[in-house]
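What follows is calculated from the coordinates using simple rules that are stated; it is not laboratory data. None of the values given here were measured: they were computed from a predicted structure. Using ideal geometry, Cβ is built from the backbone for each residue, glycine included, and neighbour counts are taken over all protein chains shown.
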């Protein structure tokens with residue numbers, strides 16, 4: 001599957017052929033850093049001064065690289081497809097190889113960053129438990145009621161939350177049985193067939 | 001067992017044969033216990049067999065009797081405690097016996113009713129699950145990962161609610177493993 005680059009995008013990336021491959025390498029590193037930690041406009045000015053070009057060109061070049069990386073990583077395009085897509089830009093072979101390496105080295109991490117943007121529910125982080133025996137309450141004395149207190153830790157993006165819950169021994173066993181059934185389902189032949197064939 | 005003056009007065013009125021004859025007393029006792037155990041039962045007020053008794057007095061006695069019953073269940077009072085309280089309220093032996101028999105009959109049900117009045121964290125009643133295979137989303141294509149969506153049904157003071165969360169297979173295994181640890185500890189605790 002080929003990447004389709006817009007005219008504007010091609011123009012922005014065109015800047016890269018005017019500079020040294022070492023500079024392109026540096027831009028690549030900056031692009032990945034920006035993807036991981038957010039962009040920092042001051043870097044553009046420093047680089048623009050050193051290269052004696054407008055900071056806007058530098059910005060376009062880096063952002064063009066960032067977009068190239070995210071699009072290729074999102075689609076998980078193969079090496080061959082990436083090379084063919086980049087051919088359109090008319091870069092030197094050295095530059096093409098550099099871009100390919102940048103893509104291959106960083107695509108796993110870029111995909112991880114992108115997947116955090118996708119809609120999701122809070123996910124399981126940890127479970128703590130405690131066994132108690134209730135002896136009395138305001139309404140009734142002389143009790144012997146075993147209970148299990150649970151603390152369910154959930155994570156939603158950067159937010160961590162903990163819910164305190166309670167259950168009784170019989171329900172605990174029922175929960176275990178039900179969730180074990182869920183786990184067993186993944187090993188069923190139906191699921192295995194689907195997982196094997198949709199790749 | 002400590003009882004308030006109002007409760008004692010109510011019980012004394014109930015003991016009085018000029019207010020409650022034997023038949024009315026028996027019916028009253030039955031209806032009083034019934035009103036606690038099955039809330040949709042017949043009400044003491046407006047009961048056809050008790051219409052001849054003044055309604056205000058009836059209401060007072062009913063409150064006194066039910067308070068006494070609940071206090072007895074709460075404290076797990078034995079026969080001698082119940083009997084001595086009733087005798088203090090001038091109950092005749094026959095009435096003490098009638099009352100105590102009903103008390104014994106309904107004690108179990110009343111105990112479970114009282115034990116369900118509880119402040120506690122939301123009580124988990126069930127777990128529902130869904131197994132999905134994510135193919136792609138708007139940000140990443142070719143995800144190809146299975147994931148579980150778990151929904152824990154909880155109840156608190158009659159109101160039910162849900163906790164929804166997702167997890168991978170490894171995370172679900174971790175969750176089930178920890179629950180099994182808790183269950184094993186429970187078993188060991190009950191055996192020792």
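Projected label points at residue A:21 and residue A:130, each 7 Å from Cα along the beta carbon direction, are separated by 6.4 nanometres. The mean count of C-beta atoms from other chains within 10 Å of the C-beta of residues in B:151-162, rounded to a whole number, is 1.
Using a simple spin-label model with pseudo-atoms 7 Å out from Cα toward Cβ, residue B:173 and residue A:192 lie 1.6 nm apart.
Quote the relative contact order of the stretch A:4-134 in percent (integer), defining contacts as alpha-carbon pairs under 8 Å separated by 6+ residues.
This gives 30 percent for the stretch A:4-134.
Relative to the longest principal axis of the Cα atoms of chain B, helix B:169-191 runs at roughly 40 degrees.
For the pair residue A:117 and residue A:141, a Förster radius of 51 Å applied to the C-beta separation gives a FRET efficiency near 0.40, rounded to the nearest 0.05. Taking chain B as a Gaussian network of alpha-carbon nodes connected by springs under 10 Å, the highest mean-square fluctuation of the residues B:85, B:61, B:167 belongs to B:167. For the stretch B:5-117, the spread of Cα coordinates along the three principal axes comes to 36, 31, 23 Å, biggest extent given first. Average 1/r across all pairs of distinct alpha carbons in the stretch B:123-191, invert it, and you get the Kirkwood radius: 14.4 Å.
Computed on the Cα trace of the stretch A:91-199, the radius of gyration divided by the Kirkwood hydrodynamic radius gives Rg/Rh = 1.25.
Residue separation of residue B:55 and residue B:128 scaled by 0.36 nm, minus their Cα-Cα distance, works out to 21.1 nm of gained length.
Restricting to Cα pairs below 8 Å that are 6+ residues apart, what does the relative contact order work out to for chain B? Please round to a whole percent. Present the calculation step by step, with values, prior to reporting the outcome.
On the way: 196 pairs, mean separation 31.1, N = 192.
Answer for chain B is 16 percent.
Helix A:169-186 axis versus longest C-alpha principal axis of chain A: approximately 40°, rounded to the nearest ten.
Across A:55, A:21, A:137, mean-square fluctuation computed from a Gaussian network of chain A (C-alpha pairs under 10 Å connected) peaks at A:137.
Taking the alpha carbon gyration tensor of the stretch A:120-168, what are the square roots of 5 times its eigenvalues, largest first, to the nearest whole Å? Present the calculation step by step, with values, prior to reporting the outcome.
Values: eigenvalues 197, 19, 9 Å².
Over the Cα atoms of the stretch A:120-168, the ellipsoid semi-axes are 31, 10, 7 Å.
Taking a quarter of the surface of the convex hull around the Cα atoms of chain A, what do you get in nm²? Dividing the Cα hull surface by four gives the mean projection, 17.8 nm².
Given the DSSP H assignment, sum -39500 (n - 2.57) over each helix run of at least 4 residues in the protein assembly as shown and divide by its residue total; what's the result at 222 nm in deg cm²/dmol, nearest 500? The partial results should precede the final answer.
Working: 14 runs with 219 residues, N = 391.
Mean residue ellipticity at 222 nm (helix-derived): -18500 deg cm²/dmol.
Label positions at residue B:156 and residue A:78, each projected 7 Å from the Cα along the C-beta direction, are separated by 5.5 nm. Centroid-to-centroid, using Cα positions, the stretch A:1-67 and the stretch A:115-133 are 40 Å apart.
Across the protein assembly as shown, counting alpha-carbon atoms alone, Rg and Dmax equal 36.9, 115 Å.
Computed as a quarter of the hull surface, the mean projected area of the alpha carbon convex hull for the stretch A:7-117 stands at 6.6 nm².
Grab the beta carbon distance between residue A:163 and residue B:135, set R0 = 22 Å, and tell me the FRET efficiency rounded to 0.05. Mind showing how you got there, number by number?
Numbers: r = 31 Å, r/R0 = 1.39.
Approximately 0.10, to the nearest 0.05.
log₁₀ I(q)/I(0) of chain B at q = 0.09, 0.10 Å⁻¹, via Debye over equal Cα point scatterers, no solvent, to two decimals? Result of the Debye calculation: -0.56, -0.62. Here residue B:18 and residue A:180 are evaluated by their C-beta separation; at R0 = 56 Å the FRET efficiency comes out at 0.25. The overall shape of the stretch B:1-56, judged from the alpha-carbon gyration tensor, is oblate: a/c is not under 1.5, and a/b is no greater than b/c. With springs only between Cα atoms under 10 Å apart, run a GNM on chain B and tell me which of B:60, B:52, B:139 wobbles the most. Largest GNM mean-square fluctuation: B:139.
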